[in-house]
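Inspection log for the structure reproduced underneath, given as structure tokens.
The values are calculated or read from the model by the stated rules, or taken from the named source; none is laboratory data. It should be emphasised that the depicted structure is a prediction, and the values quoted were computed from it without experimental measurement. No Cβ is skipped: glycine too gets one built from the backbone with ideal geometry, and neighbour counts run over all protein chains shown.
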Amino acid sequence: MFRFEEDTQFLVVYTGSRHATSDDYRDFIARWSARLAQTEHFGVIMVSEPHLHTEEDGDGREHEAEITRLINDFRRDYREQTTRLNLGFGRVYAAEIIENYFPDVTTWEQAQAGLDRYARYNWAIPGRGFAHLLEAKAWLREQISQTPVATTTETIPLKSSQRVGLFYGSSTGVTEMVAYQIRDAWAVLGMEPITPINIGEVKDLAVLLNYDCLILGTSTWNIGQLQDDWEIVFTQIDSLDFSGKQIALFGIGDQYAYPDNFIDAVGILGEKLVERGGGLIGFWDSDGYEFSESAALVEDRFMGLAIDDSRQPERTKARTQQWVAQIVQEFALQPA
């Protein structure tokens, strides 16, 4: 059960020694939103305490889907306020967590980068990990004088002369990061500029039909489910005709934690788009991955680029660049 410590400068949540439940996160979000209503600046700190695993706890996944929904709803509803009022998001790890999960400088730096990306994507504030609560509080106090984090939200082109549209659904910022890597790799090849657009900002999926070619990205959440923003608009696909559209998919997953559902969301999205007349390109070899099953797998190839930035972050950029070069050829597009 979450425990809280609040003062004028900080909202601190202690995770406790059991797996978090959806009720824990409801309480956390209620306290956070209540603090935002006071319109005073404050920092948010989550203290991750070691879990005492018991048979009653199971694998901790019972509440995952609801927790994901709660976090995503909070991001959509409160991001403007968190940008203005929150100094940053600090995460304090117990010594044994650091020893088990971040045993060296490289893994610790990767964790820092991931936490910063997570905080910036969800709440447009910086994020950082710490070994001690006092360090986290000192860092947050320093943020008062810092320039606010710039958001990455783009204007959605309802009409466009561009041939290629790049859309992504992201819950922690990883899919967004890969989308921007795709944009950059695309530009290096001399192609017409493309703008990554968050599918969470798209109310009417008919905007996708403005493009001849589409690059669509999604992460896989919980047990083989679509990313939350894609899930919200998914039923709209049934009313759209993608005939004549070439579509390249990319997906983010965790092959070790979810070996039976690795990048399943790519398969869910891909099958639906094909059903509605779309043609998939950009199939990706499954060699170099360790997983058991994937709804995205077709004859030893994924329906699109597979990224595991949790377990293989060192391969993310190279894989992305190789895949972009591949789909440029398969789209049969010429440099601008």
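Can you tell me which residue in segment 306-319 is surrounded by the fewest Cβ atoms within 10 Å (Cβ to Cβ), limited to those that are assigned to a helix (DSSP H, G or I) and in contact with a strand residue (DSSP E or B) (Cβ under 7 Å, 6 or more places away or on another chain)? By that ranking, first place goes to 316.
In the condition set (1) surrounded by 19 or more Cβ atoms within 10 Å (Cβ to Cβ); (2) within 18 Å of residue 168 (Cα to Cα), residue 291 is compliant with all but (2). Filtering segment 248-292 to residues that are over 13 Å from residue 303 (Cβ atoms) and of a type outside the set (D, E, K, R) leaves 252, 255, 256, 257, 258, 259, 261, 277, 288, 289, 291, 292. Of the candidates 271, 293, 314, 275, the single residue that is in contact with an Asp or Glu (Cβ under 7 Å, 6 or more places away or on another chain) and among the charged types (D, E, K, R) is 293.
Beta carbons closer than 7 Å, at least 6 apart along the sequence or on distinct chains, pair a first residue in segment 298-321 that is at pLDDT 95 or above with a second that is surrounded by fewer than 24 Cβ atoms within 10 Å (Cβ to Cβ) and among the basic types (Lys, Arg) for 305/319; 307/319.
Among the candidates 252, 247, 237, the residue that is farther than 28 Å from residue 123 by Cβ, touching a residue at least 24 places away in the same chain (Cβ under 8 Å), of a type in the set (Val, Ile, Thr) and crowded, with 21+ Cβ neighbours inside 10 Å is uniquely 247. Considering only residues that are modelled with pLDDT under 95 and either assigned to a helix (DSSP H, G or I) or not polar (S, T, N, Q) (or both), which ones fall in segment 6-22? Correct list: 6, 7, 16, 18, 19, 20, 22. Residues in segment 277-288 that are exposed (fewer than 15 other Cβ atoms within 10 Å of the Cβ) and either of a type in the set (A, V, I, L, M, F, W, C) or not in a strand (DSSP E or B) (or both): 277, 287, 288.
Counting residues that are modelled with pLDDT of 90 or more and surrounded by 13 or more Cβ atoms within 10 Å (Cβ to Cβ), which helices (runs of 4 or more DSSP H) fully inside segment 46-141 reach at least 3?
Values: elements: 64-85, 95-101, 105-123.
Ranges flagged: 64-85, 105-123.
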